[in-house]
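Trainee: Shown below is the structure under consideration.
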Amino acid sequence: SPDKESEGWRTLTPVPDWALAATFKHQWRKPEDIEHLATYRMDGALLGYVVRFRKSDGGKETLPHTWCVSARDGTMRWHWKQWDEPRPLYVPATLLSGDLSLPVVLVEGEKCAQAGHELLGHEFDFVSWPGGGKAWPRASWGWLKGRTVYLWPDCDGKRFPLGKAEREAGVDPAGKEVMP
């Protein structure tokens, strides 16, 4: 509601130990729609969550769930709000290895980071950031200082779009080249 938005919610990290447990109740999404839950922690401290919902049309909606305080009256509660900047990194192991020689693999998305950790967490620290591909400048990259970092791109390349003549001729879009 407009009243809630005007309260000037800002995120608090880490989440205080006394905070209520998150329920992940959402006005449009149901608990059974949760496809993936990423818990953001660093050195044991809870920073918040990113919840990936499956939509009825088969698409996805990825929302941050953070502990917030209202600038209007100091009320604190869980809120569907992105972290204030700089945003924390997602580290499935909940801490970065103290061994600086262990390389970091930087991937896009919490689900990918979790899968990488489960497969190769003994050889690499896997890390992602909240907000997707366009939000990387908003993350707190200082956590990776002094580390060797490998960038692992998503495999969701797009194809060049069909031109008007191609559409009219019935050209199959899957036959177009993948964009760089």
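Trainee: Report the net charge of residues surrounding Pro14, where surrounding means a beta-carbon distance below 12 angstrom and charges are Lys +1, Arg +1, Asp -1, Glu -1.
Mentor: Result for the neighbourhood of Pro14: -1.
Trainee: Could you work out [θ]222 nm for the chain from helices alone, using -39500 (n - 2.57) per DSSP H run of at least four and dividing by all its residues? Round to the nearest 500 deg cm²/dmol.
Mentor: Helix-only estimate at 222 nm: -3000 deg cm²/dmol.
Trainee: Could I ask something else about it? Using the Kirkwood radius built from alpha carbon pairs, what does the Stokes-Einstein equation give as D for the chain at 37 °C and 0.692 mPa s, in µm² per second?
Mentor: Reported coefficient: 177 µm²/s.
Trainee: For region 59-107, give the magnitude of the charge dipole about the Cα centre (Cβ charges: +1 Lys/Arg, -1 Asp/Glu; no others), in debye to the nearest 20.
Mentor: In debye, rounded to 20, region 59-107 gives about 180.
Trainee: A further question on this structure: Arranged from highest to lowest average of other beta-carbon atoms within 10 Å per residue, in what order do the peptides 119-126, 102-109 appear?
Mentor: By packing density, highest mean first, the sequence is 102-109, 119-126.
Trainee: Report the label-to-label distance for Ser56 and Asp33 in nanometres (one decimal), using points 7 Å from each Cα along the Cα→Cβ vector.
Mentor: With each label placed 7 Å out from Cα toward Cβ, I get 0.9 nm.
Trainee: As I understand it, the value is the acute angle between the Cα axis of helix 110-120 and the longest principal axis of the Cα atoms of the chain; what does it come to in degrees, rounded to 10?
Mentor: Helix 110-120 sits roughly 90 degrees off the main axis of the chain.
Trainee: Gain in length, Leu151 to Glu177, computed as 0.36 nm per residue apart minus the alpha-carbon separation, to one decimal in nm?
Mentor: Residue separation times 0.36 nm, minus the Cα-Cα distance, leaves 7.0 nm.
Trainee: Can you grab the distance from the C-alpha centre of region 9-58 to the C-alpha centre of region 80-122, Å, no decimals?
Mentor: What the calculation gives is 16 Å, centre to centre.
Trainee: To the nearest 10 Å², what's Cys155's accessible area with a 1.4 Å probe?
Mentor: Per-residue accessible area (Cys155): approximately 140 Å².
Trainee: I'd like the accessible area for Asp43, computed on protein heavy atoms only with a 1.4 Å probe and all protein chains in place. Round to 10 Å², please.
Mentor: 120
The values are calculated or read from the model by the stated rules, or taken from the named source; none is laboratory data. All values derive from a computational prediction rather than experimental measurement. Cβ: placed from backbone, ideal geometry, glycine included. Neighbour counts: every protein chain shown. Just the protein is used for accessible areas: all its heavy atoms, side chains included, with ligands, DNA and RNA removed. Shrake-Rupley method; radii C 1.70, N 1.55, O 1.52, S 1.80 Å.
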